[in-house]
Amino acid sequence: MPEQKLSSWMPMRPAHLRLFYDTAAWNKYREHVRHIIEPKGVEYVDASHWISDEALFDDPLHMGMGHQAAEPFSERLGNIFET
């Protein structure tokens, strides 16, 4: 099986996303990153919106998924490698 390379934006609290990342400027930046890495064989995955329940985050800021969020995140990310 050939080596797979992946770059992922990790899940963040929805309130944090709305405040800092759901902007036109950030979307432009993500597209810029995608256009740089994909030609190099790196798959781009934006998982920042995968966990929509605020209660599933342990960290009061934006990262730190709790165990209830980590399991579905890991499963979904693993499914990307199976395709």
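Which ones in the range 14-45 are in a strand (DSSP E or B) and either loosely packed, with under 11 Cβ neighbours inside 10 Å or of a type in the set (Asp, Glu) (or both)?
Selection gives 43 alone.
Criterion first (assigned to a loop (DSSP other than H, G, I, E, B), out of contact with any strand residue (DSSP E or B) (no Cβ under 8 Å at 6 or more places or on another chain), surrounded by 11 or more Cβ atoms within 10 Å (Cβ to Cβ) and small (Gly, Ala, Ser)) does residue 52 satisfy it?
yes
Here is a check on your reading of the model: is residue 74 of a type in the set (Ser, Thr, Tyr) and at pLDDT below 90?
Taking the combined requirement at face value, the residue does not satisfy it.
The values are calculated or read from the model by the stated rules, or taken from the named source; none is laboratory data. Here the structure is a predicted model, which is why all the values come from computation and not from measurement. Backbone-built Cβ (ideal geometry, glycine too); neighbour counts: all protein chains shown.
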